[in-house]
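So the structure is just underneath, and the comments pick up after that.
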Amino acid sequence: MTPLALRIPKAELHLHIEGSLEPELMFELAGRNKVPLRFASAEAVRAAYRFSDLQSFLDIYYEGARVLLTERDFKDLALAYCRRAAAEGVRHAEVFFDPQTHTERGVAFRTVLEGLSAGFAEAGMSYRLIACFLRHLSADEAMRVLEEALPHRDRIVAVGLDSSERGHPPSKFKAVFDRARAEGFLTVAHAGEEGPPSYIWEALDLLKVRRVDHGVRCLEDPALVERLARERVPLTVCPLSNVKLRVFERLEDHNLRDLLAAGLLVTVNSDDPAYFGGYAGENFAACERALGLGREDLGRLARGSFEASFLPEADKLRFLAEVDAAMTA
Ligand code: ADE
Ligand code: ZN
């Protein structure tokens, strides 16, 4: 029987759809769209995936995204993600996309949105979309992205903040997030991946985030941990990503167990699975092996993922019942 880590129903809450672009699909789209690649083969692309930090990854990730041009490309990308994720127990996905990565190459916001929506719908995956601002770019540019998103408000549940964390604190985007919330979007932000705990405080106090993406550096600040636990602010932790980007040297060194022991609402996610070597279920399984998680831990992570989602209460309850059924099977 499939191991519990892979089969337990789970929600994926931290997934950059551009980061699910497997090298084989990258080559297929490059051929279809006549976009030159500097690699000779999918194997050569994979061999280049050795990163020293977040920035060294982002450079190659933005390069890979250049092959995505048409609605069909974004649909194929979403379909491929859904196939892999569903096989590892993902029943619901709240998916980041980076509009600026595409609009600055002349790809329309609507093309990205239509393509992704078509892919998730065809795959029959329960999903929500989250538009992220690239924090290495200016707040004015982020405001323009938000304005482009407004006509599509019914199809985008939240806005987020990603890309290079160090030197780009959440405070830089306070006005953009104020406007986003006033327009009805929920908010999330990457904080405390490489950046200090003060960035997590800013994400909470200034951007009023409903979840913190990564957030693993919160343990450096006991008052912050107490606040996150008391308010049940979810952390969308990405263990394999953290090792690939050298936040922790080895998975055995990851602080996931300490986050759980501190009473935090922790979820386990894949971030950029094509680059970091595993989809959501693989992240569960790798933590089970490296950190000695037991059945109860897996159940807590799976339940927490639905609790932390932006689904309506009735849908959460339905998925939670599926988790319980898998736990007793
Ligand atoms: N964009 C894609 N993956 C990211 C990550 N882990 N952190 C920040 N920005 C990202
Ligand atoms: Zn991320």
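The values are calculated or read from the model by the stated rules, or taken from the named source; none is laboratory data. Note that the coordinates shown come from a computational prediction; the quantities given were computed from them, not determined experimentally. With ideal geometry, Cβ positions are generated from the backbone for all residues, glycine too; neighbour counts draw on all protein chains shown. Surface areas here come from the heavy atoms of the whole protein model, side chains and all, with no ligands, DNA or RNA. Shrake-Rupley method; radii C 1.70, N 1.55, O 1.52, S 1.80 Å.
Would the stretch 50-103 count as rounded, prolate or oblate if I go by the C-alpha gyration tensor, calling it rounded below 1.5 in a/c and otherwise prolate when a/b exceeds b/c, oblate otherwise?
Here the stretch 50-103 falls in the oblate category.
Roughly how many whole Å is it from the C-alpha centroid of the stretch 195-210 to that of the stretch 44-117?
The two parts, judged by their Cα centres, are 26 Å apart.
Given the protein chains as shown and a 1.4 Å probe, how many square angstrom of Leu204 are accessible, to the nearest 10?
In the full protein context, Leu204 sits at about 10 Å².
Leaving ligands and nucleic acids out of the surface, order His254, His136 by accessible area at 1.4 Å, largest first.
Correct descending sequence by accessible area is His136, His254.
At q = 0.07, 0.09, 0.10, 0.15 Å⁻¹, what base-10 log of I(q)/I(0) does the Debye formula yield for the chain when every alpha carbon is treated as an equal point scatterer in vacuo?
After summing over all Cα pairs, the log10 values are -0.25, -0.42, -0.53, -1.30.
With the full set of protein chains in place, find how many percent of the accessible area of the chain is carbon and sulfur; take the probe as 1.4 Å.
Carbon with sulfur: 52 percent of the solvent-accessible area.
Under the rule of -39500 (n - 2.57) per DSSP H run of 4 or more residues, summed and divided by the residues of the chain, what mean residue ellipticity at 222 nm is obtained, to the nearest 500 deg cm²/dmol?
Computed mean residue ellipticity for the chain: -14500 deg cm²/dmol.
Once you sort the root eigenvalues of the Cα gyration tensor of the stretch 173-329 as a ≥ b ≥ c, which label holds: rounded (a/c under 1.5), prolate (a/b larger than b/c) or oblate (the other case)?
Taking the square roots of the gyration eigenvalues as a ≥ b ≥ c, the stretch 173-329 is oblate.
Sort Glu63, Glu220, Glu165 by heavy-atom solvent-accessible area, probe 1.4 angstrom, most to least.
Glu220, Glu63, Glu165
When all protein chains stay in place, what accessible area (Å², nearest 10, 1.4 Å probe) is found for Ile60?
Ignoring ligands and nucleic acids, Ile60 comes out at about 20 Å².
What figure in square angstrom, to the nearest 10, would you give for the accessible area of Glu43 with a 1.4 Å probe?
My reading of the accessible area for Glu43 is about 120 Å².
Quick one: putting +1 on the C-beta of Lys and Arg, -1 on the C-beta of Asp and Glu, what dipole do you get for the chain around its Cα centre, in Debye to the nearest 20?
The dipole of the chain has a size of about 340 debye.
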